[in-house]
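Before any comments, here is the structure.
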Amino acid sequence: MKMKTGHFGLLDQAETIAKAGYDDVELHIWEIMSLDDGEYNAAKQKLRDINIDCEVFDNPLPLDKVVADEDFDMEYYKEYLKKAVARTAEMGARYFVFGNGKTRSVPEAKAEEAKKKNDDLMVFLCDEALKANITIMMEPLHQSISNRVLSIPEAYDYAQSLGCRNLKTLLDFRWFIAGGHPYDDIVRYADFVKHVHVDNPLYAFPERHVPMEKDGFDYKPLFDTLKSIGYKGIISFEANTFSDFETDIKKGLELLRANNITPYYEGRREAV
């Protein structure tokens, strides 16, 4: 079964990810926003030359910012998000992953006020993203990371409460396992789950290793579930710890092939 495959990376890792055989490089919005105009244009050209998709971008806001803080500059970050949407759209963005666990957490004191600030900013982001045909995906996390939206059903209810038609969710397998969630959630909300992150959940966070065959964890139930729902999104490996980057990411694809999943463009890019 063919599925789109992706791997987290920085711009200078995109070529290695493409050569390994992945369909998509999942980039960080902070890196795109750190570029001056000349660097940004050069990055766009480099990605075109590499011939790899850039459909998914992560964490729309800087990870050290907290929307609930009194000194959070709402107007500044609205302009920041506008620019992030515009820049990434030109690079092929179709999805933003809203992880940002610290950013979206709310203190017990003034919780309702903090939730409203977060919700207002989310509606703004969804509205701006919709103009560029970008879907925002609220990532279910774990209570050790955030205190808002900790499961796929909660993400669904959150999207319904805001009424944003381009607000969906993704499955981060690490937090899915940590929360003890049932695979039935993936089936029940199949049309709402637009993306998948996978790493080896046996390693303690923040270490994230590429999932591989015989690495101590059984990924078959996940892959079988995705196949059962005819999953059409990207399976992306979210790793930050490597023995050897090039070797490890190739082993990630070997795991997929061992489960009868092949990259969507395999055998096609070479013919282009």
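The values are calculated or read from the model by the stated rules, or taken from the named source; none is laboratory data. Everything quoted here is computed from the prediction, not taken from an experiment. Note: ideal-geometry Cβ built from the backbone for every residue, glycine included; neighbour counts use all protein chains shown. Just so you know, the surface numbers come from the protein's heavy atoms only, side chains and all, with ligands and any DNA or RNA stripped out. Shrake-Rupley method; radii C 1.70, N 1.55, O 1.52, S 1.80 Å.
Annotations for the structure displayed:
- Lysine pair count for segment 1-96 [Cα-Cα under 16 Å; pairs on different chains or 8 or more apart]: 4
- Full-extension gain in nm, ASN240 to ARG257, via 0.36 nm per residue minus C-alpha separation: 3.9 nm
- Rounded to the nearest 20, the Cβ-based charge dipole of the chain about its Cα centre (Lys and Arg +1, Asp and Glu -1) stands at 860 debye.
- The label point for LYS214 and the one for ASP184, both projected 7 Å from the Cα toward the Cβ, are 3.6 nm apart.
- Between segment 1-29 and segment 182-231, the alpha-carbon centres lie 18 Å apart.
- The relative contact order of segment 1-77, computed from alpha carbon pairs under 8 Å that lie at least 6 residues apart in sequence, is 30 percent.
- Accessible-area composition of segment 157-272, carbon plus sulfur, in percent [1.4 Å probe]: 47
- Computed log10 I(q)/I(0) for segment 120-272 at 0.10, 0.12 Å⁻¹: -0.40, -0.57, from the Debye equation with unit scatterers placed on every C-alpha and solvent omitted.
- On a per residue basis, segment 160-272 carries 50 Å² of accessible surface, using protein heavy atoms and a 1.4 Å probe.
- Dividing the summed -39500 (n - 2.57) terms of all DSSP H runs of n ≥ 4 by the residue count of the chain sets its mean residue ellipticity at 222 nm at -12500 deg cm²/dmol.
- Projecting the Cα atoms of ASN51, GLY99, ILE152 onto the charge dipole of segment 49-165 (Cβ charges, centred on the Cα centre) puts ILE152 farthest toward the positive pole.
- With all protein chains in place and a 1.4 Å probe, the accessible surface of segment 30-110 carries 47 percent carbon and sulfur.
- Shown here for segment 223-272: trypsin sites (Lys or Arg not before Pro) in loop regions (DSSP other than H, G, I, E, B) with at most 13 other Cβ atoms within 10 Å, namely LYS232, ARG268.
- Counting only Cβ charges, +1 for Lys and Arg and -1 for Asp and Glu, the dipole size of segment 52-166 around its Cα centre is about 200 debye.
- The translational diffusion coefficient of the chain, from Stokes-Einstein at 37 °C and 0.692 mPa s with a Kirkwood hydrodynamic radius over alpha carbon pairs, comes to 172 µm²/s.
- VAL198, VAL123, reordered so the largest accessible area comes first (probe 1.4 Å): VAL123, VAL198
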